[in-house]
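Engineer: One structure, pasted below without further comment.
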Amino acid sequence: MKKLLALIMALAMVLSLAACGSSSSDTTTDDTDTSAAAADDTTEESADDTSASTGGQKIGISMPTKSLERWNRDGTYLQEQFEAAGYEVEVTYADNDTDQQNNDIANLIADGVDILIIAAVDGDTLSQTLADAGDIPVIAYDRLIMNSDTIDYYVSFDNYQVGVLQGQYVIDTLGLDLNDTSVSYNIEFTAGPTSDNNAGYFFNGAMDTLQDYIDAGILVIQSGKTTFEQCATNEWSTDTAMENMQNTLASYYSDGTQLDVALCSNDSTALGVAQAISTDYAGSNTVIVTGQDGDIANLANIVDGLQTMTVYKNVSDEAGVTLVLAQEILEGNEPAEELLDSLDAEAAYDTESYDNGTGIIPSYLLVPWTVTVDNLEDLVSTGLYEWDGDYLVSATDE
Ligand code: BGC
(Lines give C-alpha, C1' and ligand atoms only; values in the text may rest on other atoms or scores of the structure.)
Protein backbone atom coordinates (compact mmCIF):
# COMPACT_ATOMS: atom_id res chain seq x y z
CA MET A 1 0.00 0.00 0.00
CA LYS A 2 2.78 2.39 0.94
CA LYS A 3 4.67 1.48 -2.21
CA LEU A 4 1.57 2.16 -4.26
CA LEU A 5 1.30 5.53 -2.58
CA ALA A 6 4.94 6.28 -3.36
CA LEU A 7 4.41 5.39 -7.01
CA ILE A 8 1.29 7.53 -7.23
CA MET A 9 3.15 10.43 -5.68
CA ALA A 10 6.05 9.97 -8.10
CA LEU A 11 3.67 9.96 -11.05
CA ALA A 12 1.89 13.02 -9.73
CA MET A 13 5.26 14.73 -9.36
CA VAL A 14 6.29 14.02 -12.96
CA LEU A 15 2.88 15.11 -14.25
CA SER A 16 2.81 18.29 -12.19
CA LEU A 17 6.31 19.26 -13.31
CA ALA A 18 5.45 18.50 -16.91
CA ALA A 19 2.28 20.57 -16.61
CA CYS A 20 4.21 23.34 -14.93
CA GLY A 21 6.69 23.36 -17.81
CA SER A 22 4.11 23.66 -20.52
CA SER A 23 1.22 25.60 -19.07
CA SER A 24 3.20 28.71 -18.26
CA SER A 25 4.50 29.28 -21.74
CA ASP A 26 3.74 26.23 -23.84
CA THR A 27 7.41 25.66 -24.42
CA THR A 28 8.26 22.13 -23.55
CA THR A 29 7.96 19.19 -25.87
CA ASP A 30 6.39 15.96 -24.76
CA ASP A 31 8.81 13.12 -25.36
CA THR A 32 6.23 10.57 -24.34
CA ASP A 33 4.73 11.18 -27.79
CA THR A 34 7.06 9.43 -30.19
CA SER A 35 4.98 10.09 -33.30
CA ALA A 36 6.66 11.47 -36.40
CA ALA A 37 4.68 14.68 -36.02
CA ALA A 38 6.08 15.17 -32.54
CA ALA A 39 9.59 14.46 -33.75
CA ASP A 40 9.17 17.03 -36.55
CA ASP A 41 8.04 19.70 -34.15
CA THR A 42 10.14 19.36 -31.07
CA THR A 43 10.28 22.96 -29.96
CA GLU A 44 8.09 25.95 -29.56
CA GLU A 45 9.21 29.35 -28.54
CA SER A 46 8.21 30.38 -25.07
CA ALA A 47 7.76 34.07 -25.64
CA ASP A 48 6.60 35.95 -28.69
CA ASP A 49 8.98 38.27 -30.47
CA THR A 50 7.52 41.38 -28.91
CA SER A 51 7.87 40.22 -25.30
CA ALA A 52 10.37 41.85 -23.01
CA SER A 53 13.66 39.98 -23.09
CA THR A 54 17.27 40.59 -22.28
CA GLY A 55 18.41 42.29 -25.48
CA GLY A 56 16.12 39.90 -27.35
CA GLN A 57 18.51 37.07 -26.51
CA LYS A 58 17.30 33.55 -26.86
CA ILE A 59 18.32 30.52 -24.78
CA GLY A 60 18.25 27.03 -26.31
CA ILE A 61 17.93 24.22 -23.78
CA SER A 62 18.17 20.54 -24.72
CA MET A 63 17.24 18.05 -22.01
CA PRO A 64 17.64 14.26 -22.38
CA THR A 65 14.24 12.90 -21.33
CA LYS A 66 11.06 13.47 -19.41
CA SER A 67 10.94 9.88 -18.22
CA LEU A 68 13.21 10.52 -15.21
CA GLU A 69 12.06 12.97 -12.56
CA ARG A 70 15.17 15.05 -12.34
CA TRP A 71 15.23 16.24 -15.99
CA ASN A 72 11.68 17.56 -15.64
CA ARG A 73 12.92 19.51 -12.66
CA ASP A 74 16.02 20.76 -14.48
CA GLY A 75 14.10 21.79 -17.58
CA THR A 76 11.46 23.55 -15.51
CA TYR A 77 13.91 25.37 -13.21
CA LEU A 78 16.10 26.45 -16.13
CA GLN A 79 13.12 27.75 -18.05
CA GLU A 80 11.65 29.59 -15.07
CA GLN A 81 14.93 31.17 -14.02
CA PHE A 82 16.00 32.29 -17.50
CA GLU A 83 12.54 33.68 -18.25
CA ALA A 84 12.51 35.53 -14.93
CA ALA A 85 15.81 37.13 -15.99
CA GLY A 86 14.10 38.35 -19.18
CA TYR A 87 15.34 35.87 -21.77
CA GLU A 88 13.36 34.08 -24.40
CA VAL A 89 13.62 30.31 -23.84
CA GLU A 90 13.19 27.18 -25.92
CA VAL A 91 13.31 23.83 -24.11
CA THR A 92 13.39 20.43 -25.81
CA TYR A 93 13.31 16.91 -24.39
CA ALA A 94 14.84 14.09 -26.45
CA ASP A 95 13.11 10.95 -25.17
CA ASN A 96 16.54 9.41 -24.41
CA ASP A 97 17.04 9.21 -28.17
CA THR A 98 20.35 10.46 -29.56
CA ASP A 99 18.92 11.10 -33.05
CA GLN A 100 16.13 13.17 -31.59
CA GLN A 101 18.57 15.17 -29.47
CA ASN A 102 20.71 15.89 -32.53
CA ASN A 103 17.55 17.08 -34.33
CA ASP A 104 16.54 19.18 -31.34
CA ILE A 105 19.93 20.89 -31.22
CA ALA A 106 20.03 21.41 -35.00
CA ASN A 107 16.61 23.09 -34.74
CA LEU A 108 17.73 25.30 -31.85
CA ILE A 109 20.76 26.38 -33.90
CA ALA A 110 18.53 27.05 -36.92
CA ASP A 111 16.20 29.08 -34.69
CA GLY A 112 19.09 31.39 -33.92
CA VAL A 113 19.55 30.79 -30.20
CA ASP A 114 22.29 32.87 -28.60
CA ILE A 115 23.53 30.13 -26.29
CA LEU A 116 23.02 26.37 -26.01
CA ILE A 117 22.59 24.53 -22.71
CA ILE A 118 22.70 20.78 -23.23
CA ALA A 119 22.30 17.77 -20.95
CA ALA A 120 23.39 14.98 -23.28
CA VAL A 121 21.57 11.68 -23.75
CA ASP A 122 24.92 10.24 -24.85
CA GLY A 123 27.89 12.57 -24.51
CA ASP A 124 29.64 10.99 -27.47
CA THR A 125 27.03 11.59 -30.15
CA LEU A 126 26.74 15.35 -30.50
CA SER A 127 30.02 16.56 -31.98
CA GLN A 128 28.88 16.59 -35.63
CA THR A 129 25.74 18.59 -34.91
CA LEU A 130 27.62 20.97 -32.64
CA ALA A 131 30.19 21.59 -35.38
CA ASP A 132 27.40 23.68 -36.96
CA ALA A 133 26.98 25.79 -33.82
CA GLY A 134 29.55 28.28 -35.10
CA ASP A 135 30.03 31.05 -32.57
CA ILE A 136 27.10 30.00 -30.38
CA PRO A 137 28.50 29.35 -26.89
CA VAL A 138 27.74 25.89 -25.52
CA ILE A 139 27.37 24.93 -21.87
CA ALA A 140 27.42 21.19 -21.14
CA TYR A 141 24.81 20.85 -18.42
CA ASP A 142 25.29 18.14 -15.77
CA ARG A 143 26.74 15.60 -18.26
CA LEU A 144 29.95 16.39 -20.14
CA ILE A 145 29.75 16.40 -23.95
CA MET A 146 32.70 14.42 -25.26
CA ASN A 147 35.01 14.90 -28.25
CA SER A 148 33.57 18.24 -29.29
CA ASP A 149 35.77 21.34 -29.35
CA THR A 150 32.75 23.64 -29.22
CA ILE A 151 32.07 23.15 -25.50
CA ASP A 152 32.86 26.33 -23.56
CA TYR A 153 31.92 25.37 -20.01
CA TYR A 154 30.60 22.50 -17.92
CA VAL A 155 28.16 22.97 -15.03
CA SER A 156 27.55 19.95 -12.82
CA PHE A 157 27.96 18.57 -9.34
CA ASP A 158 31.15 17.02 -8.03
CA ASN A 159 30.31 13.68 -9.61
CA TYR A 160 33.17 11.72 -8.02
CA GLN A 161 32.11 13.02 -4.60
CA VAL A 162 28.62 11.56 -5.13
CA GLY A 163 30.16 8.08 -5.15
CA VAL A 164 32.48 8.93 -2.25
CA LEU A 165 29.46 9.93 -0.13
CA GLN A 166 27.72 6.64 -0.95
CA GLY A 167 30.82 4.61 -0.08
CA GLN A 168 31.49 6.58 3.09
CA TYR A 169 27.89 6.07 4.15
CA VAL A 170 28.37 2.30 3.89
CA ILE A 171 31.59 2.44 5.91
CA ASP A 172 30.00 4.58 8.63
CA THR A 173 26.72 2.69 8.84
CA LEU A 174 28.34 -0.75 9.07
CA GLY A 175 31.12 0.62 11.30
CA LEU A 176 33.79 -0.91 9.07
CA ASP A 177 37.31 -1.05 10.44
CA LEU A 178 40.28 -2.14 8.34
CA ASN A 179 41.90 -3.55 11.49
CA ASP A 180 38.97 -5.83 12.14
CA THR A 181 38.79 -8.52 9.48
CA SER A 182 36.75 -10.86 11.68
CA VAL A 183 33.53 -9.53 10.14
CA SER A 184 32.46 -9.45 6.51
CA TYR A 185 29.49 -8.08 4.64
CA ASN A 186 28.13 -8.78 1.17
CA ILE A 187 27.72 -5.87 -1.25
CA GLU A 188 26.48 -5.56 -4.83
CA PHE A 189 26.89 -2.56 -7.15
CA THR A 190 24.44 -1.05 -9.65
CA ALA A 191 25.88 1.67 -11.90
CA GLY A 192 24.63 3.98 -14.64
CA PRO A 193 25.13 3.57 -18.38
CA THR A 194 28.52 3.80 -20.09
CA SER A 195 27.00 6.46 -22.40
CA ASP A 196 26.75 8.92 -19.48
CA ASN A 197 30.16 10.38 -18.67
CA ASN A 198 29.02 10.98 -15.09
CA ALA A 199 28.29 7.32 -14.42
CA GLY A 200 31.95 6.28 -14.29
CA TYR A 201 32.72 9.09 -11.84
CA PHE A 202 29.91 7.95 -9.52
CA PHE A 203 31.03 4.32 -9.70
CA ASN A 204 34.73 5.10 -9.23
CA GLY A 205 34.06 7.44 -6.33
CA ALA A 206 32.22 4.67 -4.51
CA MET A 207 34.56 1.86 -5.53
CA ASP A 208 37.74 3.80 -4.65
CA THR A 209 36.29 4.59 -1.23
CA LEU A 210 35.45 0.95 -0.56
CA GLN A 211 38.37 -0.75 -2.34
CA ASP A 212 40.55 -1.24 0.76
CA TYR A 213 37.65 -2.96 2.53
CA ILE A 214 37.06 -5.19 -0.50
CA ASP A 215 40.76 -6.05 -0.69
CA ALA A 216 40.73 -6.91 3.04
CA GLY A 217 37.76 -9.25 2.57
CA ILE A 218 35.57 -7.11 4.83
CA LEU A 219 33.28 -6.35 1.90
CA VAL A 220 32.56 -9.23 -0.46
CA ILE A 221 30.97 -8.99 -3.91
CA GLN A 222 29.40 -12.46 -4.25
CA SER A 223 28.40 -11.90 -7.90
CA GLY A 224 31.97 -11.05 -8.88
CA LYS A 225 30.65 -7.98 -10.72
CA THR A 226 33.42 -5.57 -9.84
CA THR A 227 33.86 -3.39 -12.94
CA PHE A 228 31.81 -0.40 -14.08
CA GLU A 229 30.94 -2.19 -17.33
CA GLN A 230 29.66 -5.26 -15.45
CA CYS A 231 27.46 -3.11 -13.22
CA ALA A 232 26.23 -0.66 -15.90
CA THR A 233 22.48 -0.08 -16.37
CA ASN A 234 21.31 1.10 -19.77
CA GLU A 235 19.45 4.46 -19.71
CA TRP A 236 19.47 4.40 -15.90
CA SER A 237 16.37 2.21 -16.29
CA THR A 238 14.44 1.21 -13.16
CA ASP A 239 13.18 -1.97 -14.84
CA THR A 240 16.64 -3.03 -16.02
CA ALA A 241 18.10 -2.38 -12.56
CA MET A 242 15.30 -4.47 -11.05
CA GLU A 243 15.86 -7.37 -13.47
CA ASN A 244 19.62 -7.30 -12.93
CA MET A 245 19.17 -7.44 -9.15
CA GLN A 246 16.58 -10.22 -9.46
CA ASN A 247 19.12 -12.24 -11.44
CA THR A 248 21.88 -11.53 -8.91
CA LEU A 249 19.62 -12.55 -6.03
CA ALA A 250 18.58 -15.75 -7.81
CA SER A 251 22.15 -16.71 -8.69
CA TYR A 252 24.06 -15.77 -5.54
CA TYR A 253 21.65 -15.23 -2.64
CA SER A 254 18.86 -17.80 -3.00
CA ASP A 255 20.76 -20.24 -0.75
CA GLY A 256 20.30 -17.96 2.27
CA THR A 257 23.45 -15.89 1.75
CA GLN A 258 22.83 -12.49 3.33
CA LEU A 259 22.94 -9.36 1.18
CA ASP A 260 24.01 -6.40 3.30
CA VAL A 261 24.45 -3.55 0.83
CA ALA A 262 23.07 -2.67 -2.61
CA LEU A 263 25.14 0.30 -3.68
CA CYS A 264 23.11 2.00 -6.41
CA SER A 265 24.54 5.01 -8.24
CA ASN A 266 21.22 6.88 -8.46
CA ASP A 267 17.58 6.90 -7.45
CA SER A 268 16.01 5.53 -10.63
CA THR A 269 18.14 2.39 -10.33
CA ALA A 270 17.67 2.26 -6.55
CA LEU A 271 13.92 2.15 -7.12
CA GLY A 272 14.26 -1.04 -9.20
CA VAL A 273 16.78 -2.60 -6.84
CA ALA A 274 14.59 -1.93 -3.79
CA GLN A 275 11.68 -3.49 -5.66
CA ALA A 276 13.74 -6.62 -6.45
CA ILE A 277 14.84 -6.89 -2.83
CA SER A 278 11.27 -6.61 -1.53
CA THR A 279 9.96 -9.30 -3.90
CA ASP A 280 12.91 -11.63 -4.56
CA TYR A 281 15.21 -11.52 -1.54
CA ALA A 282 14.85 -14.40 0.89
CA GLY A 283 16.63 -12.75 3.82
CA SER A 284 14.91 -10.72 6.53
CA ASN A 285 17.69 -8.20 7.29
CA THR A 286 17.43 -4.58 6.20
CA VAL A 287 19.63 -4.14 3.15
CA ILE A 288 21.44 -0.80 2.88
CA VAL A 289 20.33 0.74 -0.43
CA THR A 290 22.03 3.92 -1.65
CA GLY A 291 20.83 6.39 -4.27
CA GLN A 292 21.30 9.83 -5.74
CA ASP A 293 19.03 12.78 -6.62
CA GLY A 294 16.25 12.81 -4.04
CA ASP A 295 13.41 11.79 -6.35
CA ILE A 296 10.01 11.92 -4.68
CA ALA A 297 9.43 8.14 -4.96
CA ASN A 298 12.82 7.48 -3.36
CA LEU A 299 12.21 9.93 -0.55
CA ALA A 300 9.05 7.94 0.16
CA ASN A 301 11.09 4.73 0.10
CA ILE A 302 13.47 6.31 2.61
CA VAL A 303 10.52 7.07 4.90
CA ASP A 304 9.32 3.48 4.45
CA GLY A 305 12.77 1.97 5.09
CA LEU A 306 13.08 0.51 1.58
CA GLN A 307 16.00 2.81 0.70
CA THR A 308 18.57 3.96 3.20
CA MET A 309 20.09 7.13 1.79
CA THR A 310 20.27 9.32 -1.26
CA VAL A 311 22.91 11.80 -2.34
CA TYR A 312 20.94 14.97 -2.84
CA LYS A 313 21.66 17.35 -5.70
CA ASN A 314 19.83 20.67 -5.62
CA VAL A 315 19.13 21.10 -9.32
CA SER A 316 17.42 24.44 -8.77
CA ASP A 317 20.86 25.67 -7.69
CA GLU A 318 22.43 23.98 -10.71
CA ALA A 319 20.04 25.95 -12.93
CA GLY A 320 20.90 29.12 -10.99
CA VAL A 321 24.65 28.68 -11.54
CA THR A 322 23.99 28.04 -15.24
CA LEU A 323 22.00 31.28 -15.45
CA VAL A 324 24.74 33.40 -13.87
CA LEU A 325 27.35 31.78 -16.13
CA ALA A 326 25.24 32.27 -19.28
CA GLN A 327 24.59 35.92 -18.42
CA GLU A 328 28.33 36.58 -18.18
CA ILE A 329 29.02 34.80 -21.47
CA LEU A 330 26.21 36.67 -23.23
CA GLU A 331 27.65 39.95 -21.98
CA GLY A 332 30.87 39.06 -23.79
CA ASN A 333 32.89 38.12 -20.72
CA GLU A 334 35.04 35.03 -20.19
CA PRO A 335 34.09 33.87 -16.71
CA ALA A 336 36.59 31.96 -14.59
CA GLU A 337 37.09 31.46 -10.86
CA GLU A 338 35.81 34.91 -9.87
CA LEU A 339 32.31 33.92 -11.02
CA LEU A 340 32.05 31.93 -7.77
CA ASP A 341 31.61 35.25 -5.93
CA SER A 342 28.39 35.93 -7.86
CA LEU A 343 26.80 32.55 -7.17
CA ASP A 344 24.11 31.92 -4.58
CA ALA A 345 25.09 28.25 -4.31
CA GLU A 346 28.34 26.76 -3.03
CA ALA A 347 30.45 25.53 -5.93
CA ALA A 348 34.05 24.95 -7.01
CA TYR A 349 35.77 26.12 -10.18
CA ASP A 350 37.67 23.16 -11.64
CA THR A 351 40.13 23.30 -14.51
CA GLU A 352 41.65 19.86 -14.04
CA SER A 353 39.08 17.10 -13.80
CA TYR A 354 37.01 17.21 -16.97
CA ASP A 355 38.84 16.59 -20.24
CA ASN A 356 36.35 15.88 -22.99
CA GLY A 357 38.93 14.50 -25.41
CA THR A 358 39.64 17.89 -26.99
CA GLY A 359 41.06 19.43 -23.82
CA ILE A 360 40.01 20.47 -20.33
CA ILE A 361 36.56 22.04 -20.08
CA PRO A 362 36.39 24.67 -17.32
CA SER A 363 33.82 23.41 -14.83
CA TYR A 364 31.61 24.79 -12.09
CA LEU A 365 30.87 21.94 -9.69
CA LEU A 366 28.18 22.18 -7.05
CA VAL A 367 28.21 20.30 -3.76
CA PRO A 368 26.04 17.20 -3.18
CA TRP A 369 25.07 16.05 0.32
CA THR A 370 23.75 12.95 2.05
CA VAL A 371 20.07 12.63 2.90
CA THR A 372 18.71 9.92 5.20
CA VAL A 373 15.51 9.50 7.17
CA ASP A 374 17.13 11.66 9.88
CA ASN A 375 17.58 14.86 7.88
CA LEU A 376 14.62 14.93 5.47
CA GLU A 377 13.65 18.20 7.11
CA ASP A 378 16.73 19.80 5.49
CA LEU A 379 15.05 19.25 2.13
CA VAL A 380 12.06 21.25 3.32
CA SER A 381 14.50 24.04 4.19
CA THR A 382 15.48 24.30 0.51
CA GLY A 383 11.92 25.50 -0.19
CA LEU A 384 11.55 22.85 -2.90
CA TYR A 385 9.71 20.23 -0.81
CA GLU A 386 6.93 20.13 1.73
CA TRP A 387 5.37 17.47 3.91
CA ASP A 388 2.18 15.73 2.83
CA GLY A 389 1.44 13.54 5.81
CA ASP A 390 4.44 11.26 6.34
CA TYR A 391 5.89 11.94 2.91
CA LEU A 392 7.66 14.75 1.10
CA VAL A 393 6.17 16.16 -2.08
CA SER A 394 7.27 18.99 -4.33
CA ALA A 395 6.47 22.37 -2.83
CA THR A 396 3.78 24.24 -4.65
CA ASP A 397 4.36 27.90 -5.48
CA GLU A 398 0.85 28.96 -4.57
C1 BGC B 1 22.81 12.64 -13.37
C2 BGC B 1 22.15 11.99 -12.19
C3 BGC B 1 20.93 11.22 -12.64
C4 BGC B 1 21.24 10.33 -13.84
C5 BGC B 1 19.98 9.74 -14.42
C6 BGC B 1 23.13 11.59 -14.40
O7 BGC B 1 23.81 12.14 -15.47
O8 BGC B 1 23.99 13.33 -12.96
O9 BGC B 1 21.77 13.00 -11.26
O10 BGC B 1 20.47 10.41 -11.62
O11 BGC B 1 21.90 11.05 -14.84
O12 BGC B 1 19.09 10.71 -14.80
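Engineer: Can you tell me what share of the DSSP beta bridges in the chain is antiparallel? A percent to the nearest 5 is fine.
Structural biologist: Expressed as a percentage, antiparallel bridges in the chain total about 30.
Engineer: Would you tally the net charge around A232, using a Cβ to Cβ cut-off of less than 12 Å, leaving A232 out, and scoring K and R as +1, D and E as -1?
Structural biologist: -2
Engineer: Still on this structure: Please quote Rg/Rh for the stretch 84-135 to two decimal places, taking the Kirkwood radius as Rh and restricting both calculations to Cα atoms.
Structural biologist: On the way: Rg = 11.2 Å, Rh = 11.6 Å.
Rounded to two decimals, Rg over Rh is 0.96.
Engineer: For K225, go through the aspartates and glutamates and keep the ones whose alpha-carbon is under 18 Å away, minus same-chain ones fewer than eight residues off.
Structural biologist: E188, D208, D212, D215, E243, D260
Engineer: Here's a follow-up. Give the whole-number value, in cubic angstrom per residue, of the convex hull volume spanned by the C-alpha atoms of the chain.
Structural biologist: 143
Engineer: State in Å² the accessible area per residue of the chain; use a 1.4 Å probe, count heavy atoms of protein chains only, and round to the nearest integer. Walk me through the intermediate numbers first.
Structural biologist: On the way: 16140 Å² over 398 residues.
Dividing the accessible area of the chain by its residue count gives 41 Å².
Engineer: For the stretch 115-206, what % of the accessible area comes from carbon and sulfur atoms, probe 1.4 Å?
Structural biologist: Of the solvent-accessible surface of the stretch 115-206, carbon and sulfur hold 39 percent.
Engineer: Roughly what angle does helix 98-110 make with the longest principal axis of the chain, taking Cα atoms, 0 to 90 degrees, to the nearest 10?
Structural biologist: Helix 98-110 sits at roughly 20 degrees to that axis.
Engineer: Same structure again: Could you check which residue among D135, D350, D124 shows the biggest mean-square fluctuation in a GNM of the chain with a 10 Å Cα cutoff?
Structural biologist: D135
Engineer: Using a basic spin-label model with each label point 7 Å from the Cα along Cα→Cβ, how many nm lie between N333 and T227?
Structural biologist: For N333 paired with T227, the spin-label model returns 4.6 nm.
Engineer: Return the sequence-ordered ³J(HN,Hα) values of the stretch 324-337 in whole Hz as given by the Karplus equation 6.51 cos²θ - 1.76 cosθ + 1.60 applied to θ = phi - 60°, using x for Gly and Pro.
Structural biologist: Here the 3J(HN,Hα) series is 4, 4, 4, 4, 4, 4, 5, 8, x, 8, 10, x, 9, 4 Hz.
Engineer: Another one. In whole Hz and in residue order, list the ³J(HN,Hα) couplings for the stretch 385-390 that follow from phi through the Karplus curve 6.51 cos²θ - 1.76 cosθ + 1.60, θ = phi - 60°; x for Gly and Pro.
Structural biologist: 10, 9, 7, 10, x, 7
Engineer: Given the options T173, T322, T76, state which has the largest fluctuation in a GNM of the chain using a 10 Å cut-off (strictly under) for Cα springs.
Structural biologist: T173
Engineer: Anyone know which of A120, A85, A276 comes out most mobile in the 10 Å Cα GNM of the chain?
Structural biologist: Maximum fluctuation in the GNM of the chain, among the listed residues, is at A85.
Engineer: Please arrange M242, M309 by accessible surface area, largest first, computed with a 1.4 Å probe and ligands excluded.
Structural biologist: M242, M309
Engineer: Take the alpha-carbon centre of the stretch 166-223, take the same for the stretch 249-268, and report the distance between them in whole Å.
Structural biologist: One Cα centre to the other: 13 Å.
Engineer: Quick one: pull the percentage of alpha-carbon pairs in the stretch 93-191 with a separation above 19 Å.
Structural biologist: 54
Engineer: Counting only protein heavy atoms, what percent of the accessible surface of the stretch 270-397 is carbon or sulfur at a 1.4 Å probe?
Structural biologist: Using a 1.4 Å probe with all protein chains present, the stretch 270-397 comes out at 41 percent carbon and sulfur.
The values are calculated or read from the model by the stated rules, or taken from the named source; none is laboratory data. Predicted model, so just to flag it, every value in this text is computed and none were measured. Note: ideal-geometry Cβ built from the backbone for every residue, glycine included; neighbour counts use all protein chains shown. The protein model used for the area step is the full one, side chains on, heavy atoms only, and it has no ligands, DNA or RNA in it. Shrake-Rupley method; radii C 1.70, N 1.55, O 1.52, S 1.80 Å.
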